[in-house]
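Have a look at the structure below before the remarks.
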């Protein structure tokens, strides 16, 4: 276990109805680092991520964030942890920009309009920012959900397959953006099937499996992804 | 990026932001809103007047009839049982759906904010209270209007108000249980209460003598009004306090169920609605070996038995289905009106048919297992009728036998079983509504043509199969000829149901 890790996971067993979906997980994620999570479809990656942020109860084991047991009901935890998981849900009557403004203002961001405008530009949504979600394409809605994680401050960012539904250029830009934020101190945990994304962002990779969940280097993880 | 926790939006602030952003592009003016409110109030007034008049007329008709033999249960009791049934249904529904929940959008955009969850959920709590109030009025009004003694206006007002306050208290208690993750037992308990409420009076009214007549408690008005007010206020304050402890994952899960149920209701997909609202099936305690299965048709029967035995609340449905016609037949006034007993028979046996049609509904939703069997599709459907035939033969025979108090009535009920078994299978394999064709304008919005035919598929032939029993009720006896006709007619309808269950496509 890493010393003074921002996120500490000990013998964590995850699943539904008391049935584990993968082997127990033990790891520590230091502040300012990025951990990738890989595994085949159905291996339990999303379940691990949802349990890490307290959206699913753990079957056994513990998850500590910043020295405290994870409890998403705690406002301080929500203040520090940003997530983009499997959500593709939007208020039908709020524009994309309004969704982002709600997030920024909800987090007490100073000059929220300017922050939202910058991220709208960054995520290539400038000409669609004032459209309702129903008028956005699937990829644009994904960009909007991802942008919401960046219009607010966070210590930890948890992403489930951030590359999903993004074009190649946006994927590269997002990977570079996350890598730059990690260099500035952000901690990131993300699941991915994208070898390029993984090698750009991750410093270590957790391989989720039925028999054992192991930590490997990004190089080994990319090789594992290529082997399928 | 700089942020100041003091500048964060509160729960109420988040709700206000969302409401105001929505309002900027809504074309609803205060005038439109006022018109809508007036229209809703007028509609509610008309509904109350029409139903009040209908119930009063029914009460007078029942009172004018000579007392029928073998009816023992007071009308007040049956009215109370009806209210309990609806209340149990509403409570089970609220516990299944939360009662507090977060829509997918709310879960994605509100719950991750640092805003106080209590403030975020206060609007949802108000909405659920509104649902509880509407349910209370819908339950209490018919009960008080249908009471054998004509109620006075103050009695109607006090009853409805008391019901409304009790419903608010119930919502509050359910939210407190939800916060402690203890709502799992509520729906089974509500089902058990409903079952006992129907079965016990039916049995006692048949084999013994029922003496208790439900009446309003003889206590002073301040106490009568004050206790429900205190209970409602205390429960709602507690609910508001604990709502901040609700977990986002659980709120999101319940919100998804609400979303799917609403979409299913709007698209008139009752089968999907049942799935959305149904209690999840728990994993079986032991794996079955099915050593007695030798033939493919036996595999279908074995699978159906397993599905039926693992369906939540199956025995309760069968018990209510059996006892409901008996309850109607034993009730003073109702028992002397064959048409009303017939309605209870159709409702009760429909409930039993729906319970026994669960394997057919599952098979329709996931046909892969059936396709793997070395049998033709029609043979599979025929084999699928075996479990419902056996189950409904017992339900219909017992039910009709006790309604008519004679073996010939039991035989008539058993003869009706093939039609209802066919109905169970036909209903289970009911095709989806075809929204690709022409649609009709209705008060509920656009609906596909043929919606009625599709929705009553199954029930239609069951009702037709009950016609000989209705004739028996009107005659007051079961001639041998009627028994023969009932059996032939029921077998024919059962055969038609099974043979046409799967539409050629």
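Observations, loosely collected:
- Checked against the criterion of being assigned to a loop (DSSP other than H, G, I, E, B), modelled with pLDDT under 70 and surrounded by 12 or more Cβ atoms within 10 Å (Cβ to Cβ), the stretch B:40-63 contains not a single residue that satisfies it.
- Within the stretch A:88-115, the residues that satisfy the criterion of being facing chain B (nearest Cβ under 7 Å), part of a loop (DSSP other than H, G, I, E, B) and surrounded by 18 or more Cβ atoms within 10 Å (Cβ to Cβ) are A:89, A:90, A:91, A:93, A:94, A:107, A:108.
- Hey, residue A:154 under 15 Å from the mean Cα position of the chain (by Cα), under 24 Å from residue A:31 (Cβ atoms), within 13 Å of chain B (Cβ to nearest Cβ) and surrounded by fewer than 23 Cβ atoms within 10 Å (Cβ to Cβ) or not: yes
- Any hit, the stretch B:210-219, residues being over 20 Å from the mean Cα position of the chain (by Cα), part of a helix (DSSP H, G or I) and under 30 Å from residue B:150 (Cβ atoms): no
- Selected residue (criterion: modelled with the lowest pLDDT) from residues of the stretch A:116-133 that are in a helix (DSSP H, G or I), closer than 21 Å to residue B:22 by Cα and within 12 Å of chain B (Cβ to nearest Cβ): A:133
- Only one of B:108, B:79, B:115, B:136 that is assigned by TED's automatic domain parsing to the domain that holds residue B:57 and either surrounded by fewer than 17 Cβ atoms within 10 Å (Cβ to Cβ) or more than 23 Å from residue B:240 (Cα to Cα) (or both): B:79
- Out of B:300, B:307, sole residue that is away from chain A (no Cβ under 14 Å), at pLDDT 80 or above, under 18 Å from residue B:371 (Cα atoms) and crowded, with 20+ Cβ neighbours inside 10 Å: B:300
- Some residue of the stretch B:107-128 being within 17 Å of the chain's Cα centre (by Cα), in a helix (DSSP H, G or I), closer than 28 Å to residue B:247 by Cβ and away from chain A (no Cβ under 14 Å): no
- Scanning the stretch A:78-87 for residues that are under 14 Å from the mean Cα position of the chain (by Cα), facing chain B (nearest Cβ under 7 Å) and touching a residue at least 24 places away in the same chain (Cβ under 8 Å) returns A:83, A:87.
- Pair list, Cβ < 7 Å and 6+ apart or interchain, from the stretch B:155-167 residues that are not assigned by TED's automatic domain parsing to the domain that holds residue B:239 to residues that are part of a helix (DSSP H, G or I) and at pLDDT 85 or above: none
- The C-beta contact set for the stretch B:371-398 (first residue not assigned by TED's automatic domain parsing to the domain that holds residue B:416, second residue part of a helix (DSSP H, G or I) and surrounded by fewer than 15 Cβ atoms within 10 Å (Cβ to Cβ), distance under 7 angstrom, 6+ apart or interchain) is empty.
- Answer from A:61, A:67 - the residue that is surrounded by fewer than 18 Cβ atoms within 10 Å (Cβ to Cβ), more than 23 Å from residue B:116 (Cα to Cα) and away from every other protein chain (no Cβ under 12 Å): A:61
- Test result for residue B:243, surrounded by 17 or more Cβ atoms within 10 Å (Cβ to Cβ), over 25 Å from the mean Cα position of the chain (by Cα) and either touching a residue at least 12 places away in the same chain (Cβ under 8 Å) or in the same structural domain as residue B:420 (by TED's automatic domain parsing) (or both): yes
- Test: residue in the stretch B:10-24 that is facing another protein chain (nearest Cβ under 7 Å), outside any helix (DSSP H, G or I) and surrounded by 12 or more Cβ atoms within 10 Å (Cβ to Cβ): no
The values are calculated or read from the model by the stated rules, or taken from the named source; none is laboratory data. Since we're looking at a predicted model, the values are computed, not measured. FYI the Cβ positions are ideal-geometry reconstructions off the backbone, even for glycines, and counts take in every protein chain you see.
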